[in-house]
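A.B. asks: Sharing a structure with you now.
The values are calculated or read from the model by the stated rules, or taken from the named source; none is laboratory data. Everything numeric in this text was worked out from a predicted model, so none of it was measured. Virtual Cβ from ideal backbone geometry, glycine too; neighbours counted across all protein chains shown. In case anyone asks, the SASA skips ligands and DNA or RNA and just uses the protein heavy atoms, side chains included. Shrake-Rupley method; radii C 1.70, N 1.55, O 1.52, S 1.80 Å.
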Amino acid sequence: MSRLEAKKPSFCRSEPLTSERVRATLSVLKGIVTSCYGPAGRLKQLHNGLGGSVCTTSQSAALLANLPVTHPILKILTTSVQNHVSCFSDGGLFTAILCCNLVENVQRIGLTPTTVIKLNKQLLSLCTSYLKSEACGCRIPVNFSSTQILLCLVRSILTSKPACMLTTKEIDHISTLILRAFLLIIPENAQDHIILGKSIIVPLKRQRVIDSTVLPGILIEISEVQLMKILPIKKSDSFKVALFCVSLSGDLSDTGEGNVVVSYGVSLEIAVLDQLLNLGRQLVSDHVDLVLCQKVIHPSLKQFFRTHHVIAVDRVGVAVMEPLSKVTGTRPIGSLDSISPSSYGSVKDLCTAKFGFKHFFHIIPNEATVCSLLLCNRNDTAWDELKLTCQTALHALQLTIKEPCVLLGGGCTETHLAAYIRHKTRSEPEGILRDDGCTQTELQLITEAFCSALESLAGSLEHDGGEVLTDGKYGHFWSVQADSPSVVNWPDLLSRCGCGLYSSQEELSWSFLRSARPPFVPQTCLPCEATDSAGNLTLDCFTAKLSGLQVAVETANLILDLAYVIEDKN
């Protein structure tokens, strides 16, 4: 009998944020996520010292999924960010950096957690109200009759992911494909409630990015041997389809929902094969043209189908079962018993295609609300990153249907918002404090910590030692290359602001982002001609960024409110 150890008492620590070790650990995490932020972000390579796959990325979804975190406070932060990314796909690094900045800045002030949390909530409410208002100076409405803003949004997402290793030409090509894929999944006769289709990303690695394409319908990869058995495909106005989610291999361990009746003395294998052939005869008599199976089809049944000119494709996989059901209008068949005629569907056309070194079976639907994005990249690492980025961009476009607006990117929303909050808390402190029991001094301290957190977040976009500035009219973000002359005429060095909306040739005054400057009223209500004239804006998804702002502040409040950490060491 093995010796039993006595149970160890739980380990309890009070006021965890006062620990130097905790602060240092939080600072390390902040350094990791900050260095990944933006188009010039540095890549991170994560791997297990004992072996296994290596992940090279700058995206929060891949980074946090592969980053082992043990301290409870860091687990709160990373879990909050991962939950946000699982819902909105974008804005993970934004959320993590802002949360770290808020916790760090507030610790220097020395106010009680209760006061900090109250005022943080008030400032968050001020931010969300402003961002949702028509007067917001960093929000652009999306006009779906034009693709300009949508293309800028997709291009901004692709540009911010350097591990995709794309050239400018490739970014433009992939952006166009993503937008086409998005438009293909919108029903033609959309009413008030839109039910979107699905975009399936089909891998084609070690090929040129420029060879990527979008096709309506579904591409199913098949071997060259299968292709030879399928060809030739007869011409028809419509093809009747049966879709099976149960194995048709004759394996007794997977007979689906039905029963197999076997007489005494009869071989089980023969009985099952007879039942499969009976099923095949019913499909032939029902004039089915195409049989699709999630799993395996028995070779004898395949031969039977081939004899009767029925196309059979097996091993399609669970990932495409839902899209196949949507495209064909079938109900997946889960038994070997008699099939109801209502289970069948149809497609407009069938054909084969070859891309690179792969062969595909192309199912073209009657109404295209499902499409295949055939995605190419030079190597496995870059392809994995590009796939994740395309999924993020497609999700951002879908969120834009619900909230038809975008936010200015490139750090401009953060610096503009900081200028707006400073002005609002100075000019109307009574409306913010109300009955919170906080003083104006406390409000100004928290406001400075909050705005500095936003400005530091914007400053995280600069990774090469350059100077970061803000203008005194719009409150936008500007950056200057490192080693610029100290005394200079700023318009000679600056080109456009971070989002690309404003030019340095306007009559503007600039100051260093982290320098002391008096509050000013940033110009609100973007003029229509300003957005129409700008051809290449840097934009952020409105819904994802707004949620990221809320998650960052709420998570920071939760961490600041922690009085004890109790760990079970058993």
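A.B. asks: Specify the angular offset, from 0 to 90 degrees and rounded to the nearest 10, of the alpha carbon long axis of helix 412-427 from the longest principal axis of the alpha carbons in the chain.
C.D. replies: Approximately 40 degrees, to the nearest ten.
A.B. asks: Here's a follow-up. Return, for the Cα atoms of region 75-138, the radius of gyration and Dmax in Å, separated by a comma.
C.D. replies: Taking only Cα atoms of region 75-138, I get Rg and Dmax of 13.9, 38 Å.
A.B. asks: Sort 282-292, 18-28 for me by packing, meaning the mean count of neighbouring Cβ atoms within 10 Å per residue, highest on top.
C.D. replies: Numbers: 282-292: 18.3, 18-28: 13.2.
So the peptides 282-292, 18-28, ranked by packing, come out 282-292, 18-28.
A.B. asks: Suppose every K and R has +1 on its Cβ and every D and E has -1 on its Cβ; what is the size of the dipole of the chain about the Cα centre, in Debye to the nearest 20? Walk me through the numbers on the way to the answer.
C.D. replies: Working: 50 positive and 53 negative charges, 215 e Å.
Here the chain has a charge dipole of around 1040 debye.
A.B. asks: Given a cut-off of 21 Å, name the pairs among K161/K473; K205/K295; K205/K229; K234/K354 whose C-alpha atoms lie farther apart than that in the structure shown.
C.D. replies: Going by Cα-Cα distance, K161/K473; K205/K295; K205/K229 fall outside the 21 Å limit.
A.B. asks: Can you compute log10 of I(q)/I(0) for the chain with the Debye formula, treating each Cα as one identical point scatterer, at q = 0.09 Å⁻¹?
C.D. replies: -0.82
A.B. asks: Let me ask something else. Against the globular-protein guess of 2.2 N^0.38 Å, express the Cα radius of gyration of region 8-135 as a ratio, rounded to two decimals.
C.D. replies: Working it through for region 8-135, the quotient is 1.22.
A.B. asks: Continuing with the same structure: At 7 Å along the Cα-to-beta-carbon direction for both S503 and Q440, put a label point, then send me their distance in nm to one decimal.
C.D. replies: The two pseudo-label positions are separated by 4.3 nm.
A.B. asks: How would T415, T439 rank on accessible area, largest to smallest, probe 1.4 Å?
C.D. replies: From most accessible down to least: T439, T415.
A.B. asks: Same structure again: Give, to the nearest whole percent, the P(r) tail of region 403-494 beyond 17 angstrom, counting all Cα pairs. Display every interim value, and only then the final one.
C.D. replies: Numbers: 2469 of 4186 pairs.
In whole percent, the long-distance tail amounts to 59.
A.B. asks: Using the Cα atoms of region 56-107 to build a convex hull, what is its mean projected area in square nanometres? Write out the running numbers ahead of the final one.
C.D. replies: Working: hull surface 15.0 nm².
For the Cα atoms of region 56-107, the hull's average projected area reads 3.8 nm².
A.B. asks: Provide the FRET efficiency to the nearest 0.05 for the V28-I566 pair, computing r from the beta carbons and using R0 = 22 Å.
C.D. replies: My answer for the efficiency is 0.40.
A.B. asks: Next question, about the same structure. In the chain, what percent of the accessible surface is made up of carbon and sulfur (1.4 Å probe, ligands and nucleic acids excluded)?
C.D. replies: On the chain, the fraction of accessible area on carbon and sulfur atoms equals 51 percent.
A.B. asks: Rounded to the nearest Å, what's the spacing between the alpha carbon centres of region 447-520 and region 275-329? Just the number, please.
C.D. replies: So the separation of the two Cα centres works out to 63 Å.
A.B. asks: Under 12 Å from the Cα of K132, which aspartates and glutamates turn up, not counting those fewer than eight places away in the same chain?
C.D. replies: E403
A.B. asks: What percent antiparallel are the DSSP beta bridges of the chain, to the nearest 5?
C.D. replies: Just about 70 percent of them are antiparallel.
A.B. asks: Along the charge dipole of the chain, pointing to its positive end and built from +1/-1 on Cβ of Lys, Arg, Asp and Glu, which listed residue (S509, S156, C55) has its Cα farthest out?
C.D. replies: Towards the positive end, the residue furthest out is C55.
A.B. asks: Let me ask another. More than 20 angstrom separation, counting every C-alpha pair in region 260-334; what % is that?
C.D. replies: Value for region 260-334 (Cα pairs over 20 Å): 38 percent.
A.B. asks: Where nothing but the Cβ of Lys and Arg (+1) and of Asp and Glu (-1) is charged, how large is the charge dipole of region 324-379 around its Cα centre, in debye to the nearest 20?
C.D. replies: Charge dipole, region 324-379, about its Cα centre: 300 debye, nearest 20.
A.B. asks: By a straight-distance test (C-alpha under 13 Å), which aspartates and glutamates pair with K118 as possible cross-link partners, with residues fewer than eight away in the same chain excluded?
C.D. replies: D435, D436, E442, E554, D561
A.B. asks: Give, to the nearest whole percent, the P(r) tail of region 356-513 beyond 29 angstrom, counting all Cα pairs.
C.D. replies: Tail fraction, whole percent: 46.
A.B. asks: Next question. Send over a whole-number figure in Å² for the accessible area per residue of region 140-230, probe 1.4 Å.
C.D. replies: That works out to 50 Å² per residue.
A.B. asks: Angle between the Cα long axis of helix 92-109 and the longest principal axis of the chain, 0 to 90 degrees, nearest 10?
C.D. replies: That helix lies at roughly 30 degrees to the long axis.
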